[in-house]
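Here the structure is laid out as structure tokens; the discussion comes afterwards.
The values are calculated or read from the model by the stated rules, or taken from the named source; none is laboratory data. Since the model is a prediction, treat every value here as computed from it, not as a measurement. No Cβ is skipped: glycine too gets one built from the backbone with ideal geometry, and neighbour counts run over all protein chains shown. These accessible areas exclude ligands, DNA and RNA; they are computed on the full protein's heavy atoms, side chains included. Shrake-Rupley method; radii C 1.70, N 1.55, O 1.52, S 1.80 Å.
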Amino acid sequence: MDYFRQFYLCFCDLEIVNTCVHNLTWSHFRSIIQVADPKAREWYVKEASEQMWSVRTLNRNIGTQYYGRRMACVREGLALPAPDVEANDPLEYIKSPVVAEFLGFRKDSKYDESLLEQALIDHLQQFIMELGRGFAFVDRQKHISTDTGDFYIDLVFYNIKLKRYVLLELKTHPLTHADVGQLDMYVRMYDDLVKDDSDNPTIGILLCTETDKVLAKYSVLNDSEQLFAAKYMDFMPTEEELSREIEQQKRFFLEQHGKEE
């Protein structure tokens, strides 16, 4: 089946698509066009966009007939079922790769971490939308002082759905062992010195130009529930490039958590 032809037949009302397309990827639409009921398709498009569902969450909700169960509850006057989202699973809220073409850098241009940080701050709204749902900006160059020195965390966010602080360290080079160690220290400091008892454990994300499956397997990233590395792309990839990167980052995650595909 030609997916583009199927997409056109399913979504001839492009006004609906245009209002949602900024939050959804082609992978979202490929899943939704498999839904037979036109009303269900339209509902999944709007709900996935508004709630910023990942493709995995969308597929789970389609597979468990969330729309049908919801309509049945409405007809019977029952309480609506909750969408099937792993509410405290950081992987539902962390994207890799992060597509950041909005930064305005020319492809293959050279810039340092301070310029990257400033570009992200200048385009904070787009960056938060790209990060995913529930993120709120807290601070930049967050200062933490200890008995032995002063430390500065690049960007701090809070995810209101995960109820966790999220620390972002920015690197304009491929992932290194030193980067992982630095982030691990920052996360431990934040949990000890900043986090409140009502907050869940802090998450640390390294944004870098390339991930590394060896480091995922043999560093403290391995099987960590608080440390993550994500690749960012400062240009808009083609559909083929994006599909390839998504698969590579999936394999990277599997290495980090000691799982097989």
Worksheet entry | Pick from segment 36-51, criterion of a type in the set (Gly, Ala, Ser) and part of a helix (DSSP H, G or I), ranking: surrounded by the most Cβ atoms within 10 Å (Cβ to Cβ) | Ala48
Worksheet item: For segment 102-125, what are the residues that are open to solvent by 70 Å² or more (accessible area, probe 1.4 Å) and either farther than 27 Å from Tyr152 by Cα or at pLDDT below 80 (or both)?
Response: Arg106, Lys107, Asp108
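Condition check: over 16 Å from Ile94 (Cβ atoms), open to solvent by 20 Å² or more (accessible area, probe 1.4 Å) and of a type in the set (A, V, I, L, M). Does Ala136 satisfy that? It would help to see each step written out before you state the result.
Numbers: over 16 Å from Ile94 (Cβ atoms): no; open to solvent by 20 Å² or more (accessible area, probe 1.4 Å): yes; of a type in the set (A, V, I, L, M): yes.
For Ala136, the condition - over 16 Å from Ile94 (Cβ atoms), open to solvent by 20 Å² or more (accessible area, probe 1.4 Å) and of a type in the set (A, V, I, L, M) - is not met.
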Worksheet, complete the sentence: Expected output for segment 232-252 (first residue touching a residue at least 60 places away in the same chain (Cβ under 8 Å), partner among the charged types (D, E, K, R) and open to solvent by 50 Å² or more (accessible area, probe 1.4 Å), Cβ below 7 Å, 6+ apart or cross-chain) is Asp234/Glu101; Phe235/Glu101; Phe235/Lys107; Met236/Glu101; Phe252/Lys213
Practice prompt. Considering only segment 211-237, state which residues are touching a Lys or Arg at 6+ places or on another chain (Cβ under 6 Å) and not aromatic (Phe, Trp, Tyr).
Written response: Thr211
Worksheet item: If we scan segment 93-101, do we find a residue that is modelled with pLDDT of 85 or more and hydrophobic (A, V, I, L, M, F, W, C)?
Response: no
Discussion item. Step by step: first the residues of segment 52-77, then only those that are part of a helix (DSSP H, G or I) and open to solvent by 70 Å² or more (accessible area, probe 1.4 Å), then the one that is farthest from Met129 (Cα to Cα). Which residue is that?
Written reply: Glu76
Fill in: Of residues in segment 192-223 being of a type in the set (A, V, I, L, M, F, W, C) and under 14 Å from Glu255 (Cβ atoms), the one surrounded by the fewest Cβ atoms within 10 Å (Cβ to Cβ)
Val214
Worksheet item: Out of curiosity, is Arg30 in a helix (DSSP H, G or I), open to solvent by less than 80 Å² (accessible area, probe 1.4 Å) and modelled with pLDDT of 75 or more?
Response: no
Worksheet item: Between a first residue in segment 48-66 that is on the phi > 0 side of the Ramachandran plot and a second residue that is assigned to a helix (DSSP H, G or I) and open to solvent by 50 Å² or more (accessible area, probe 1.4 Å), which pairs have beta carbons less than 9 Å apart while being 6 or more apart in sequence or on different chains?
Response: Met52/Met129
Practice prompt. Starting from segment 29-40, take each residue that is touching a residue at least 12 places away in the same chain (Cβ under 8 Å) and list its partners that are in a helix (DSSP H, G or I) and of a type in the set (A, V, I, L, M), counting only C-beta distances under 7 angstrom and pairs at least six apart or across chains.
Written response: Ser31/Val55; Ser31/Leu58; Ser31/Ile62; Ile32/Val45; Val35/Ile62
